[in-house]
Amino acid sequence: MSEDKDIPYIVIEKRQTSLAAFLWGAAVGAVTALLLAPKSGEETQQDIREGVRRLRDEAETKLTTIRGDIERHYETTREEVGERLDSARGELAVRKERAERAMRAGRDAAKKARVDLEKRVAETKAAYRAEVPAESGASEEDE
């Protein structure tokens, strides 16, 4: 017998967790509890009904809470998006007004530059005509 204690041995443990194993164990435990319960069948059925009713009530309570949380989150998000849109629209209006003012100023500057350029061209033509002798103009006509 002491020889058995001195012999080394190997223990192999296989640990595997899965939902199916848990549910199978829960089902086996529930069936065993029902079979070995010291209560009568009617009492057990009543307990099961009460348990199911409690679970249903808790589920409804949690669902109501979750629904309320989701609705509050939706409203908050909707308000934030609305505020951001309003802000973006305001910024867009400001930028549009600035662009329109810049375009008007550019048009006005272009008109002024054109008028100034036309005036200078007219002045240059007048000065050129004043410098050209009248004789050369006549000789050109003769030819």
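For Ala109, project a label point 7 Å along Cα to C-beta. Then give me every residue of the range 84-102 with its amide nitrogen under 17 Å of that point. Only 98-102 pass the distance filter. Shown in residue order for the range 84-95 are the 3J(HN,Hα) couplings computed by the Karplus curve 6.51 cos²θ - 1.76 cosθ + 1.60 at θ = phi - 60°: 5, 5, 4, 4, 5, 4, x, 5, 5, 5, 5, 5 Hz (x for Gly and Pro). Taken as Cα centroids, the range 42-72 and the range 95-119 sit 74 Å apart, rounded to the nearest whole angstrom.
After finding the eigenvalues of the alpha carbon gyration tensor for the range 60-108, what semi-axes result from the square roots of 5 times each, listed largest first in whole Å? Walk me through the numbers on the way to the answer.
Values: eigenvalues 438, 4, 3 Å².
Those come to 47, 4, 4 Å.
Bear in mind that the values in this text are calculations on the coordinates, not laboratory data. As the structure is a prediction and not an experimental result, all values here were calculated from the model. Heads up, the Cβs are rebuilt from the backbone with ideal geometry, glycines too, and the neighbour counts pull from every protein chain shown.
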